[in-house]
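A short write-up of the structure that comes next.
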Amino acid sequence: MAEIYEIVLIGLTLIAAFFAVRYERMFGTVVAFLSMSALTAILFLVLNAPYAAIFQLLIYAGAVVILILITLHTVKRW
C-alpha cells in the first residue's frame, strides 16, 4: 500500500505538470516544469531509485531547463 507522502508527492507532481501546460507565460511554464522534474526526482528517491533521481535532476531539471531558458533568451518573446 502506498504511503501518504508518496500520494502527496504524486499529487504535487500532477499539479505542477498541469501548470506547466496551462501557463500563458513561458517563464512560468519553465518554472512549473522545473518543479515537476524536481518533484519527480524526490519521488524516485522515496521509491529507492537513486540513480533515476540523479538522472532526472541532471537531464531534465538541469539540461532541458537550461536549454529552454537559452532559447527564450535568444528569441526574446516571453
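The values are calculated or read from the model by the stated rules, or taken from the named source; none is laboratory data. Computed from a prediction, not measured in an experiment: that's the story for all the values here. Methodologically, a virtual Cβ is constructed for each residue, glycine included, from the backbone with ideal geometry; neighbour enumeration extends over all protein chains shown.
Quick check on segment 49-57. Is at least one of its residues part of a loop (DSSP other than H, G, I, E, B) and either closer than 20 Å to GLU3 by Cα or modelled with pLDDT of 90 or more (or both)? Yes, because at least one residue in segment 49-57 is part of a loop (DSSP other than H, G, I, E, B) and either closer than 20 Å to GLU3 by Cα or modelled with pLDDT of 90 or more (or both). Listed by first and then second residue, the pairs with beta-carbon distance under 7 Å, at least 6 apart or on different chains, first residue in segment 7-20 and free of Cβ contacts under 8 Å to residues at least 24 places away in the same chain and within 11 Å of PHE33 (Cβ to Cβ), second of a type in the set (Gly, Ala, Ser) and surrounded by 17 or more Cβ atoms within 10 Å (Cβ to Cβ), are ALA16/ALA32; ALA16/SER35; PHE19/ALA32; ALA20/ALA32.
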